[in-house]
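Report on the structure given below.
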Amino acid sequence: GENVEQHPSTLSVQEGDSAVIKCTYSDSASNYFPWYKQELGKRPQLIIDIRSNVGEKKDQRIAVTLNKTAKHFSLHITETQPEDSAVYFCAANAGNQFYFGTGTSLTVIP
Amino acid sequence: DTAVSQTPKYLVTQMGNDKSIKCEQNLGHDTMYWYKQDSKKFLKIMFSYNNKELIINETVPNRFSPKSPDKAHLNLHINSLELGDSAVYFCASSHLGDNQPQHFGDGTRLSIL
C-alpha cells in the first residue's frame, strides 16, 4: 500500500517569512494530492490540491509543487501570518483510499 | 447548510458502555469514511463505504461496527468502550475515484472515563 511521510513535524517561523512542508509517497499510482489545514479543535479543511498531470499550483500565498519522478510534493506558504498557525496534513489518493501524512504543526510568531 | 454533519459533538461515557456516532452528508457524494484522530493528531482511516458497501476496513477491533443505511449516512457504533478509544472521530465524504477531495465533519470528541 501507499506510504506518505511528512516533514517536519513542527515548524516555527517569524511572521512574514516563508514556510515549506514536504511530503514523499511510495505508490506511483497515486495521482491526486490534497493539503489540509486543521486549526485547534476544528476539522481538517482543504486549502489546495494538485493532480498528477500538473507540476505546480498557486493560490495567493499558498503554492504546491509536485515531482512525480522523485515522488515528492511540497506546500509553500509565503508572507506567513499568525492565522496560518495550525496543523497541516498532506495526503495522497491512490484508488479508493486517501493516505495522510503525520501532520506538521506550524507556529507563526508575531 | 453543513455539508458533513456529525452528532454528537462531544461524548463522555464510562468504560464498558456502548455508544453510536451519526454522520450525514448532503453533498451527493457516493463514498463516506470514518477516521480516528488520537492525541498525537494522526489521522487514521478506519472504514470506508461506497454506495452503502464496505470498501475499506482497516485493522480495527470488531467492537467498532459501521452501518450505512443509505449513501448519505454512515454511522459508527462502538461496543464495550475502552480507555484507548478516547479520541476525536471524524466522518468524511467524497466522490470515489474522481480525484476530488474529502470533506470532513466537525468531529466527535469521545472521552472515556
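A short reminder: the numbers here are calculations on the coordinates, not readings from a lab. Remember, predicted model here, so these are calculated numbers, not experimental data. Cβ placement follows ideal geometry from the backbone for every residue including glycine, while neighbour counts extend to all protein chains displayed.
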Task: Ranked list, fewest to most other Cβ atoms within 10 Å of each Cβ, for B:34, A:35 - done: A:35, B:34
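Just counting partner chain Cβ atoms within 10 Å, what average do the residues of peptide A:88-95 show around their Cβ? Write down the numbers at each step before the final one.
Values: counts 0, 3, 0, 3, 0, 7, 0, 4.
Taking the mean over all residues of the peptide, I get 2.
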- [ ] Could you pull out the pairs from B:9/B:36; A:71/B:52; B:9/B:71; A:37/A:58; A:71/B:71; A:58/B:44 whose alpha carbons sit more than 26 Å apart here?
- [x] A:71/B:52; A:71/B:71; A:58/B:44
Open item on the list: Along the Cα→Cβ direction, 7 angstrom out, place labels at residue A:61 and residue A:7. What is the inter-label distance in nm?
Closed with: 2.6 nm
Open item on the list: Which one, B:25, B:13, B:48, projects farthest toward the positive side of the charge dipole computed for segment B:12-87 from Cβ point charges (K/R +1, D/E -1)?
Closed with: B:13
Open item on the list: Quick check for you: which residues of segment A:62-88 have the amide N under 14 Å from the point 7 Å beyond the Cα of residue A:15 toward its beta carbon?
Closed with: A:79-85
Open item on the list: Using +1 at the C-beta of Lys and Arg and -1 at the C-beta of Asp and Glu, which of A:47, A:85, A:4 has the Cα lying farthest in the positive direction of the dipole of the protein assembly as shown?
Closed with: A:4
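What fraction of the DSSP beta bridges in chain A is antiparallel, stated in percent and rounded to the nearest 5? Could you put the intermediate results ahead of the total?
Details: 37 of 42 bridges.
So the antiparallel bridges amount to about 90 percent of the total.
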- [ ] Could you let me know the centre-to-centre spacing of segment A:59-110 and segment B:24-61, using Cα atoms, in angstrom?
- [x] 21 Å
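Could you work out, residue by residue across B:49-57, how many beta carbons of other chains sit within 10 Å of that residue's beta carbon, and then give the average as an integer?
Numbers: counts 0, 1, 0, 0, 0, 0, 3, 4, 0.
The mean count of partner-chain Cβ atoms within 10 Å per residue comes to 1.
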- [ ] Give me the number: length gained by fully extending residue B:96 to residue B:10, i.e. 0.36 nm times residue separation minus the C-alpha to C-alpha distance, one decimal in nm.
- [x] 28.0 nm
